Amino acid sequence: MSVILVTGSYDHEIRFWEAWSGICSRTIARGGESGQVNRLAISPDKRFLAAAIHKKVNIYDIANPSSQPIVTFEGHTGNITSVCFHTEGKWLVTGSEDGTIKIWDLRSSTVHRNYDNEAPVNDVIVHPNQGELISCDQAGRLKQWDLSENICTHELTPAGDTPMRSISLASDGSCLVAGNVKGKCFVWKINEERSDLPRFQAVTKFQAHNKYLTRLLLSPDTKYLATCSADTTVKVWSLSPTYEFKLEKVLQGHQRWVWDCAFSADSAYLVTASSDHTARLWEMASGETVRQYNGHHKAAVCCALHDGAG
């Protein structure tokens with residue numbers, strides 16, 4: 001499969017789609033198993049799909065048509081809000097409303113590390129250097145966790161206790177963007193730990209949406225930022241080398257909240273998932289919907305796309 005496009009929904013189903021035809025090629029129905037699908041992640045080698053389902057994570061073999069997961073990670077006591085793979089695909093990181101961040105070993109299926117964040121975690125990402133995690137939480141904090149030292153090394157609170165909803169890192173590790181529930185975005189330049197400059201240097205902030213911000217994501221080429229919102233739109237912002245953000249396009253078409261988004265490897269397309277039960281494929285150059293994915297019976301709240309090299 002050269003292009004893997006997956007969506008998850010409150011209808012408990014996980015669907016694989018043919019990106020260009022819009023046809024649903026596979027449904028993981030999870031019969032008899034309860035729990036909504038919160039987040040999805042595809043492993044870098046395209047072999048596995050991680051699905052955060054309520055308090056657990058199911059790992060599916062993408063090449064195997066079985067609806068049974070090959071392994072299930074259980075240990076969180078609250079809703080899992082984020083899931084992502086380490087570059088080498090050897091481990092997986094999860095963040096949860098239970099206030100913890102856990103690292104799972106995919107080979108032994110055990111918890112490798114457990115970090116106590118002390119507040120519900122809304123998003124976690126792995127730094128491109130693979131040696132750090134960055135998280136954001138319901139208490140309004142961003143934290144950097146050092147994987148070798150096993151500690152929190154930096155903490156930011158850019159807007160007091162306003163909950164921080166989503167974070168994204170430039171693919172080269174040069175900047176960090178975070179969005180809070182009030183639709184405001186904050187941007188930091190990331191300096192080398194060895195330099196005399198602060199690790200996170202605040203460079204700008206701007207109001208992206210007037211309603212709830214659900215997700216933000218920097219494009220792989222780091223030229224654009226996509227912001228998703230309760231206002232039914234996705235906004236596309238261009239990013240200059242001096243960290244100036246300019247609104248380029250407003251992607252309009254979804255009828256209800258937009259929950260999640262994923263860029264294609266070449267940054268030319270964006271996939272979005274919405275409460276209107278659909279997912280859409282947008283062409284970045286035109287800002288138009290080029291494909292709509294219909295099939296979920298309830299809100300589509302998460303999506304994952306991997307069309308790069310396995």
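Just a few scattered comments:
- Residues of region 251-285 that turn out to be on the phi < 0 side of the Ramachandran plot and open to solvent by 50 Å² or more (accessible area, probe 1.4 Å), as a count: 9
For (1) more than 18 Å from the chain's Cα centre (by Cα); (2) assigned to a strand (DSSP E or B); (3) farther than 21 Å from F48 by Cα; (4) not polar (S, T, N, Q), each residue gets a yes or a no:
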residue	(1), (2), (3), (4)
T77	yes, no, yes, no
D98	yes, no, yes, yes
S108	yes, no, no, no
N122	no, yes, yes, no
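- Scanning region 144-157 for residues that are modelled with pLDDT under 95, assigned to a loop (DSSP other than H, G, I, E, B) and open to solvent by 30 Å² or more (accessible area, probe 1.4 Å) yields a total of 3.
Conditions (1) open to solvent by less than 10 Å² (accessible area, probe 1.4 Å); (2) at pLDDT 95 or above, marked per residue:
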{"site": "D161", "(1), (2)": "no, no"}
{"site": "I167", "(1), (2)": "yes, yes"}
{"site": "D172", "(1), (2)": "no, no"}
{"site": "K189", "(1), (2)": "no, yes"}
{"site": "V234", "(1), (2)": "yes, yes"}
{"site": "T242", "(1), (2)": "no, no"}
{"site": "K246", "(1), (2)": "no, yes"}
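- Filter result for A230 (among the hydrophobic types (A, V, I, L, M, F, W, C) and without any contact (Cβ under 8 Å) to a residue 40 or more places away in the chain): yes
- Leading residue by the ranking (surrounded by the fewest Cβ atoms within 10 Å (Cβ to Cβ)) among those in region 10-36 that are closer than 16 Å to I80 by Cβ and at pLDDT below 95: S34
- Residue check, N180 over 14 Å from the mean Cα position of the chain (by Cα), crowded, with 21+ Cβ neighbours inside 10 Å and under 28 Å from Q130 (Cβ atoms): yes
- Hits in region 64-92 - residues which are of a type in the set (G, A, S), more than 19 Å from I134 (Cα to Cα) and at pLDDT 95 or above: G75, G78
- Comparison of N210, N294 shows that the only residue that is open to solvent by 10 Å² or more (accessible area, probe 1.4 Å), closer than 22 Å to D123 by Cβ and out of contact with any Phe, Trp or Tyr (no Cβ under 7 Å at 6 or more places or on another chain) is N210.
- Every residue from region 101-114 that is hydroxyl-bearing (S, T, Y) and out of contact with any strand residue (DSSP E or B) (no Cβ under 6 Å at 6 or more places or on another chain): S108, T110
- Residue in region 195-205 that is closer than 16 Å to V177 by Cα, open to solvent by less than 60 Å² (accessible area, probe 1.4 Å) and modelled with pLDDT under 95 present: yes
The values are calculated or read from the model by the stated rules, or taken from the named source; none is laboratory data. This one's a predicted model, so the numbers in the text were calculated from it and none came from an experiment. Here the Cβ is made from the backbone with ideal geometry for all residues, glycine too, and neighbour counts use every protein chain on show. All accessible areas refer to the heavy atoms of the entire protein, side chains included, with ligands and DNA or RNA removed. Shrake-Rupley method; radii C 1.70, N 1.55, O 1.52, S 1.80 Å.
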